[in-house]
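The values are calculated or read from the model by the stated rules, or taken from the named source; none is laboratory data. The model shown is predicted, which means the values in this text are computed figures rather than measured ones. With ideal geometry, Cβ positions are generated from the backbone for all residues, glycine too; neighbour counts draw on all protein chains shown.
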Amino acid sequence: MPFNIVRMREGVSLEQAGAELAVVTQRLATLAGESPRDVAFRMHAITGNPFQFQRFHIALIAAVLAYFLTLPHILARPDIFALPILVLWVAALVAARAKNRAPSAWLALLMMLWANLHGGYMFGLGLAALFAGEAIIAAPDWQGRLNAARVWALFGAVSLAAALMTPFGIDGLLLPFRLNSMSFALSQLIEWRSPDFQSLEPLEVWLLLLLFGTFALGWRLPLMRLLMLLLLVHQSLQHRRFGELLGLVAPLLIAPALAPQLVTRTNRGTASQLDQLMGELAKPAGRGAILLVSGLVLALLAVVPRHLVHPDDFFTPSAAVNAVAAAHIDGPVLNDYGFGGYLLFVGRRPYIDGRAELYGDAFIQRYTEAVTLTSDKLPEILAQDNIAWTLFDPSRPAVRLLDHLPGWRRLYADDSTVVHVRDDAVSAR
């Protein structure tokens, strides 16, 4: 797929196509779990171009930055399956614009899959609209603009129809707007807050490198691509969870414009020491080296204790849940927000979990104020919802109240969790 994206573009030099291929291939291969060495060797075999082979470290830097921007969201959640679809969708849009045409209507099948996996498909529709605007503006005359508007409108209509083919129909399209209206939830949930630059953030490194390329290397972008990039930067600064969009989408957007500029700089002189080093590292490993590394990995897995590889932490309170199971307590739970995903994983229905949009702003505000004791709603929730046990982080203010609340007692506690149970829920067993 990455090769097909760029190889048929007319009027493009091998150097420019190779630069685009480097970025696209690295994006997809990184998500698929391939090593940078494998990608470099395969890229060189496909392009046969020593300049692009030498300039592979540019794509590698983009891949590493994308990885760290995406890292906080590499969780067992549906959006992890949507990331490859995001990359394929954007790559197809970029390729279509490079050929000065609309994407194939068959791409709508990808949109249908995306819409049934994750709500981020609305970003894909919005990006397609921006590319349509770029095509209309770039057309040489009014007839060209009308033709561009017609073919992109047809593609947009087919994609929109595909996005509606979900169990939720039109409600799925309205979900992002409802989410943006949840002002309280967006102010409380860490992934929806702005990044905290008091400590080093991958986004900061990304922005600094972009500024360096702009002012020191003279990188320039067409107006519409610049506006798209600025939109991605704005989203990433507003909500930290959009950092993955910047890392994965931005290289694909800017590659066609930056590729000729990078090739020009490469052709001015011999390869740098970094280029030569990357060329050496990209060569296939010998059989002895592969056996040695494999042996070291197996030895490491054998000697490292299992609890060090996957300890109990804030997101996987297995010991606490096992203690509840041993006490034969099956009633409703009032849990910490961060524990909801694990409770679902082990087959227990949580009071709340990370799918904030399903609960609504009023519910989240009532819950948050109750467990932080900024309201007096906690006893009311315990009674109204017939809560049999609670599962909280030890630092949660609700823990202190439950320690002294009549009819409740501690069942289990460790460094990351505290379980309280209702007396009659235990005695009933």
Working carefully through the options ALA383, ALA370, ALA327, find the one that is among the aliphatic types (A, V, I, L, M), outside the structural domain of GLY120 (by TED's automatic domain parsing) and in contact (Cβ under 8 Å) with a residue 40 or more places away in the chain. ALA327
Restricting the first residue to segment 294-317 and requiring it to be not assigned by TED's automatic domain parsing to the domain that holds ASP393 and charged (D, E, K, R), which pairs with a second residue that is at pLDDT 85 or above and part of a helix (DSSP H, G or I) meet a Cβ separation below 7 Å and a spacing of at least six or different chains? ASP312/SER318; ASP312/ALA319
Confirm whether ARG410 is among the basic types (Lys, Arg), in contact with a helix residue (DSSP H, G or I) (Cβ under 8 Å, 6 or more places away or on another chain) and closer than 21 Å to ILE190 by Cβ. no
Test ALA129 against the criterion of being modelled with pLDDT of 90 or more and surrounded by fewer than 16 Cβ atoms within 10 Å (Cβ to Cβ), and give yes or no. yes
Only one of (1) surrounded by fewer than 20 Cβ atoms within 10 Å (Cβ to Cβ); (2) touching a residue at least 24 places away in the same chain (Cβ under 8 Å); (3) over 26 Å from the mean Cα position of the chain (by Cα); (4) farther than 17 Å from SER318 by Cα fails for SER395. Which number is that? (2)
Single residue of PHE177, PHE168, PHE155 found to be crowded, with 18+ Cβ neighbours inside 10 Å and out of contact with any helix residue (DSSP H, G or I) (no Cβ under 6 Å at 6 or more places or on another chain): PHE155
Counted residues in segment 324-335 being more than 34 Å from the chain's Cα centre (by Cα) and buried (at least 18 other Cβ atoms within 10 Å of the Cβ) come to 1
Filtering segment 198-227 for residues that are polar (S, T, N, Q) and part of a loop (DSSP other than H, G, I, E, B) leaves a count of 2
With a cut-off of at least 2 residues that are polar (S, T, N, Q) and closer than 30 Å to GLY172 by Cβ, name the strands (runs of 3 or more DSSP E) lying wholly within segment 310-429. none
Say we look at segment 69-78 and pick out the residues that are part of a helix (DSSP H, G or I) and of a type outside the set (S, T, N, Q); which of these is surrounded by the most Cβ atoms within 10 Å (Cβ to Cβ)? LEU69
Tell me, which residue of segment 204-222 that is of a type in the set (A, V, I, L, M, F, W, C) and touching a residue at least 12 places away in the same chain (Cβ under 8 Å) is farthest from ILE61 (Cα to Cα)? LEU221
Would you point out which residue out of GLY347, GLY338 is within 29 Å of the chain's Cα centre (by Cα) and touching a residue at least 24 places away in the same chain (Cβ under 8 Å)? GLY338
Go through ARG287, ARG355, ARG349 for me and flag whichever is at pLDDT 65 or above, surrounded by 12 or more Cβ atoms within 10 Å (Cβ to Cβ) and among the basic types (Lys, Arg). ARG355
Being crowded, with 22+ Cβ neighbours inside 10 Å and basic (Lys, Arg) is the filter here, so list the residues in segment 79-116 that pass it. none
What residue, of LEU230, LEU248, is part of a helix (DSSP H, G or I), free of Cβ contacts under 8 Å to residues at least 12 places away in the same chain, among the aliphatic types (A, V, I, L, M) and in the same structural domain as LEU127 (by TED's automatic domain parsing)? LEU230
Of the residues in segment 358-392, those that are over 33 Å from the mean Cα position of the chain (by Cα), surrounded by 17 or more Cβ atoms within 10 Å (Cβ to Cβ) and either within 25 Å of SER318 (Cβ to Cβ) or of a type in the set (Ser, Thr, Tyr) (or both) come to LEU382, ILE387, ALA388, TRP389
Considering only residues that are small (Gly, Ala, Ser) and modelled with pLDDT under 65, look in segment 239-280 and name the one that is nearest to VAL64 (Cα to Cα). GLY279
